[in-house]
Every structure is written in C-alpha cells, then in structure tokens.
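In what follows, a structure is listed as structure tokens, so that the remarks can point back to it.
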Amino acid sequence: MAASKPLHFRETMPVKNTLWRAADLLILSLLTALLCCRLISTRRREALWIVAFLCEAWFTFVWLLHINSKWNPVRQITYPERLSKREFQVEDLPAVDMFLTTANPELEPPMITVNTVLSLLAVDYPPHKLACYVSDDGFSAATYRAMVEASEFARSWVPFCKKYAVQVRAPLHYFFGEPEPSPSISPDFLHDWEAMKRMYRELERRVEEAHLRGDTEPIFSQFDRENHPSVIKAIWENKGDPADGVPHLFYVAREKNPNHHHHFKGGAMNVLTRVSGVITNAPFMVNVDCDMFVNNPAVILHAMCLLLGFDMDKMSGFFLGRGMEGLQGPFYYGTGCFHRRNAIYGEAPDDPPFGRSRRLQSSAADIISGLRKTSLAIDDLAASMHAAVDVSSCSYELHSLWGDEVGWAYGSATEDIQTGLRIHAKGWRSVTLNPQPPIKRWATGVLENLVGQHSPLLAAVNGKLGRRQCLAYLLLNLWAARSLPELCYALLTPFSVVANTSFLPAGLAGVVPAAIFAIYNVYTVAEYLAVGESLRSWWNNQRMRRITAATAYLFGLLSVVAKLVGLSEAAFEITKKEVNAPAAAVNTGGFTFDASPLFVPATAVALLNSAALAAGTWRMLWAAPDGGGPGLGELACATWAVLSYSPFIVGLFRRAQYGLPRPTVVKASVLSFLFVLLSKLASS
C-alpha cells in the first residue's frame, strides 16, 4: 500500500538542548571519575568500598540510559483550526471509539465514572463520529444506572458546553466554584448555568440513591460479580443528531467465569476492542481510566492533527507523556492514549488470530485494508449487539492470538507497557500530544517485562525495535531493580557510623561526590523550572523517588523474584478514588499510612539514618577524634536521607491515618536492631 501524503496539520520542531547535553556529559564524567577513585584507592578491596562501587556503577549505568532517552528531544505542534479549512472537509474526519474502564463501584464511585463519561461525550467533535464504551468489570447495577442517568443529563449538558464554549466539561469540576464576574457574562448564561447546576445536583442525588439501593436490575441480582454472562446495553444511540447531539453510549460487562482467567484490565480492553469492532468499528480508539476526565475539549481534534499528519504505515497513535520523541516515541502508560485500530490488531483477520466471529473478521479486514470510516451510523443494532455478546464471552479467546499477538498483551501487571513495546517492536512510532491546557490531569510489571518473552532485548534482536528505543525501555523496565542499589546506598552511612568508618573518598577525591550531588540537584531543579513546575514540586518528586525505591520498587522486585521461582503470581489491584472536590483544591499536606508491610523498610531506613545523623554529629563535635569514622560527607548523606524520608519520621509522632501504625514501627525497629547487630559483626 502506498504511503499517504502527510497533511499539514502538525509540525515537528527539534528542541535545542546544547546546555542540557553538556550538563548530562558533565555528570557522566563525574560519575566515571568517582568510579576511578574507587578503583585506584588503597581501600578498593574492602567490602564497604566494593558495595559503594557497585551502587555507583549502577547509578552511572542508569544515567547513561537517561542520556540516551533525552538526547534528541522534539516537540509536536498541532493546528486543529486547519481541519476546518476549505481543502479539508469536516465530514472527512475519521470516526473514534472511546473506551473507559472501571472495575469496582466501591473503590471507583459511579459519580467519578459519570463525570469522565460526560467529559468524553461533550468533546468538540462531530457526535455522529464518536462512540463511548464503558467497561464495567464490577458488574454493578449502580454503575449501569449511573450511565443511564448520565445519558439523560448529557442531552442538556452537551448543548450547554458547546453553546458557551465551556473549557472543563466534567461537571464536578466545572461547578466547584461560581462563575467569575465579567462584563461579557450574559443574563442568559447565568440563568442556564444555575439551571444546569441544579440538574447536576439532581443527577448526583439519583446516582447516589441507585448506589445505596444496590441491585435494581434483574440481571445484576441473579448473578455474582465473578460469575455472570455478558451484559451489553446500548444506552444511547446517535441517529445523525446535530452538532450539539450526544454520541453513542454503550455499557459493557464482559462474561466472567471462575474457570477462565479474565486478565484484568488487558482483558477488559480486548473485549472493548472486539465489541466496538462489531458495532461501530472506528479506525481510531482512545482509552481513559474512569477518573481521568477530559480537560481540553479539543483533544480529539489535536489528536487528528497528529494521526492524519503521519504516514499510515508509520504512526501507531500517540502515547501521552514526555519522552523519547527523537526515537520511536514515548511509552504507552495505559490511559489517555489514541491508537490506530490496525496497530492494535497487527495481524491478518484470519481464524484463529481473531477468533470465531465472522463479523469481527470482516470488520478487522476493513480496518487492516485501510478503510477510513467517517460515520458511526449503525445499520442493524440488534445484530451488532448479538455479535458483541459473542465476542465478549470467556471462551472467545481460546485457541486465538488475543493477548499474545493481537490486542492488549497478557502476562504482566503492566499490560500497557508490554502492549506499547509490542507495537514499537512491529515498527510503529508513537508521538506525544501536549497542548495547552493539558489534555488530562506501576513497578512489578515493568521489571517482569524485562525477563519475559516480550523483553525489549528480544524485540531489538528479533523485531523492529530500534537499539536506542530498546535502551529507553530498559530505563523503564529497571525501575524495580533500582531499589536494591538505592536501598544499599541509603544504609551506607548508618553502617559507617556503627563500624566507625567511612564510605566516601577523603581528601581532594571527596570533591567528586560533592560535585555530583550539587550539580545533579541544580540540573533537576532547572528541568522543573523550565517546564513551569515549582521548587515544591521538585522537592516532592525528589523525596518520592527515594521513598518509592524503598517501598513500591522493592516489593515489586520481590514480587518478580517470587513469580520467577513459582511462589506467586502478579495481581492487579484497584486504587480507591475520591469523589470529592477537585484534587487541586484539597491539600492536607500529610502522608497517609496503613498497616501494609510496604512501609516497614522505609521506616527502618528513616530510623537508621536519624540515629546515624545524631550519633555521627555527636561523635564529630564532642567525642575524642580517633582518625577514622564518618566525616562531613557521610553526615550530609544522612541529612539528605532524613529529609527525604521525613514523612515517616513525622508519622512516628502523628495519629490516625497520618501516623505510622504501631506494628509497622515495631517491625521497623526490629529490622533496625538487626542491621546494627549485623553491622557490628561485619566490622569486628
């Protein structure tokens, strides 16, 4: 197939980064110098020196991966206004299927899903070219009723948003405050605003009542959440409505059976892909999580500027997030992403790759052949719904390539990263879309991908994954593996205090680690300020990197090791979402804790470094000098660790959810005591 000529809806701009490259190389040279100091030191055979050398060698390797991923930055500029120019008719815009996933009405309250759905239904795009599919893995009558209520409210909400060019189209956020006084505000707007707000409060009441009532639909009361047939409902059908009409809205609860693995979110996404394939079959798809509302109503127009502006055989879609634009493109982080449907299919629509459904095979053949569907009118809704029930059954994927070579990938807790890797390995590219305002406001799985059959190393050798893109994936896949070097390095100062030794070079060589520390922090601060972030954001992210290494990354590493030796399987856990005021308006300023073992290692690190700082300072100021022991460098490391883990230290003195539970403190104290005991034995 001949490549289509790129349209001028976007522009790729190289970003000058000479100073950043110089800083990258300076830090790399200092890290190399530190390693050389270790190698030529007279202490190079000491166990402490070897541990420090191995940690710093790891940091150097990770920094090389960072340099690779940032060396050739580019920026995409989109021109959505050109889509309405004379040479491009609006009717030529392709259709888009929108996917939203939710799995538990208790952890993901229906009103959160309602707001996200409403923001999708109200985007600035021809409504007859859109279809929204809501996947409910919780098999909840409350979620279904919420979608019915949302569709009724949308018939007023969508025209209101488009009439008054509302920017934030999730009503929870839009009605959080009052309209700002302005001479341009008309009485009609104020009247409509008040009426719409009353309607939204009524919607909230209805949805909450449905949630409290429980199962009111017969199908939901007859079956269990983990054992039920497919339930697919056409909640609203767009029959060629005007520009302010409401797009299609479908409710999808795939079949569940204890005898069949449902593959978590990856399985839900594959069902949505097949269900939409036999109903609307749009050539482009976008997926969002239930709590990720659309913040920019022109998002699909911006996306089309990219998707229509690249050769059909080269561009897979765009994966939101800053990253490897100068390589094959950024990673797929699982939400807020547009895909070409044929990039997700990636195979000829034969049996068994696409399963037994002839209707799905036919629709897939249309997509793979390059057919660009511009309308989502449904000719035979009853037949489409019947086919949708078939392709959403548990048995449909048996003896097919779904989850392996077709659709979202299975076998990992991070099905998104694995799916994106597979798409890149087939030669597709991805790009980032980051208009203003922004479009929208995981460690076990990524390491698992490195050691599995979908490793980026294998994809670089056997597929079309570029070598530098492979290194970029390594940077991501090694997140969990970073926990050991970082944890070891954080414990070197406490060990030095207990053993009355030091792990940093002395004399002039001591300038090297000090320079690395200073230059790296200035570098990262400059990065944050360059993209409009604050010093507070920088500091919060710096300390969270340290905390995550001792919590999520560490347990992610242990989980992968346990799976490799056959002791456990990775699980997919749903995080609790709050349906309160917008997050930006609520800031308690504190960390919350529970009795999870996740917090024990980090609490121990905080306790050990606090004690090391106190003991080391006392020894330096008041004890008789003995010519050895930790110096200013070690005390600076302890101070940095205490500041980084300060939420845990504060948690020792707070109560309720902001305080560390007593069992966590006891376990961390036992770990700290064992560390001190072993350190004394090792140094004796």
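The values are calculated or read from the model by the stated rules, or taken from the named source; none is laboratory data. A quick note: this is a predicted structure, and the numbers were derived from the prediction, not measured. With ideal geometry, Cβ positions are generated from the backbone for all residues, glycine too; neighbour counts draw on all protein chains shown. Each accessible area value is taken on the protein alone, full model and side chains, heavy atoms only, with ligands, DNA and RNA left out. Shrake-Rupley method; radii C 1.70, N 1.55, O 1.52, S 1.80 Å.
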Checklist entry - How would you rank 289-295, 43-49, 559-565, highest first, on the average number of other Cβ atoms within 10 Å across their residues? => result 289-295, 559-565, 43-49
Checklist entry - What is the magnitude of the charge dipole of the stretch 90-475 about its Cα centre, with +1 placed on the Cβ of each Lys and Arg, -1 on the Cβ of each Asp and Glu, and no other charges, expressed in debye to the nearest 20? => result 860 debye
Checklist entry - Protein chains only, probe 1.4 Å: how do S221, S502 rank by accessible area, largest first? => result S221, S502
Item to check | By accessible area with a 1.4 Å probe, ligands and nucleic acids excluded, highest first: order of Y473, Y520 | outcome: Y520, Y473
Checklist outcome for this item: Taking placed amide H atoms and a strict 5 Å upper bound, the residues 5 or more places from V431 or on another chain that come that close are G317, F318, F319
Checklist entry - Given charges of +1 on the Cβ of Lys and Arg and -1 on the Cβ of Asp and Glu, with all other atoms neutral, how large is the dipole of the stretch 187-238 about its Cα centre, in debye to the nearest 20? => result 80 debye
Checklist outcome for this item: Of the listed links K129/K197; K233/K256; K197/K239; K265/K563; K162/K265; K464/K563, those spanning more than 26 angstrom between alpha carbons are K129/K197; K197/K239; K162/K265; K464/K563
Checklist outcome for this item: Expressed to one decimal in nm², the mean projection of the alpha carbon convex hull of the stretch 90-475 is 19.1 nm²
Next on the checklist: Please report the spacing between the Cα centers of the stretch 473-510 and the stretch 520-551 in Å, no decimals.
Outcome noted: 19 Å
Next on the checklist: As a test, work out the antiparallel percent of DSSP beta bridges whose residues both lie in the chain, rounded to the nearest 5.
Outcome noted: 45 percent
Item to check | Dipole of the stretch 90-475 [Lys/Arg +1, Asp/Glu -1 at C-beta], most positive-end residue of N257, C290, M196 | outcome: C290
Item to check | Rounded, prolate or oblate (a/c below 1.5 giving rounded, otherwise prolate when a/b exceeds b/c) for the stretch 470-575 by Cα gyration tensor | outcome: oblate
Checklist entry - If you count the DSSP beta bridges with both ends in the stretch 90-475, what percent of them are antiparallel, to the nearest 5? => result 40 percent
Checklist outcome for this item: Placing one equal point scatterer on each C-alpha of the stretch 79-202 and summing with Debye, one gets log10 I(q)/I(0) at q = 0.12, 0.16, 0.19, 0.22 Å⁻¹ equal to -0.55, -0.89, -1.10, -1.27
Checklist outcome for this item: Among T603, A636, F675, the residue whose Cα sits farthest towards the positive end of the charge dipole of the stretch 593-684 (+1 at Cβ of Lys and Arg, -1 at Cβ of Asp and Glu, taken about the Cα centre) is T603
Checklist entry - Just by accessible area at a 1.4 angstrom probe, what is the order of H386, H211, H302, H261 from largest to smallest? => result H386, H261, H211, H302
Next on the checklist: I'd like the FRET efficiency for L398 and L484, computed as 1/(1 + (r/R0)^6) with the beta carbon distance as r and R0 of 35 Å, rounded to 0.05.
Outcome noted: 0.30
Checklist entry - Percentage of Cα-Cα pair distances in the chain greater than 48 Å, rounded to whole percent? => result 22 percent
Item to check | Dipole-positive endmost among N540, S392, I417 within the chain (Cβ charges, Cα centre) | outcome: N540
Item to check | Centre separation in Å (Cα based) which lies between the stretch 651-684 and the stretch 87-148 | outcome: 47 Å
Checklist entry - What size of dipole, in debye to the nearest 20, comes out for the stretch 78-136 about its Cα centre when the only charges are +1 on Lys and Arg C-beta atoms and -1 on Asp and Glu C-beta atoms? => result 260 debye
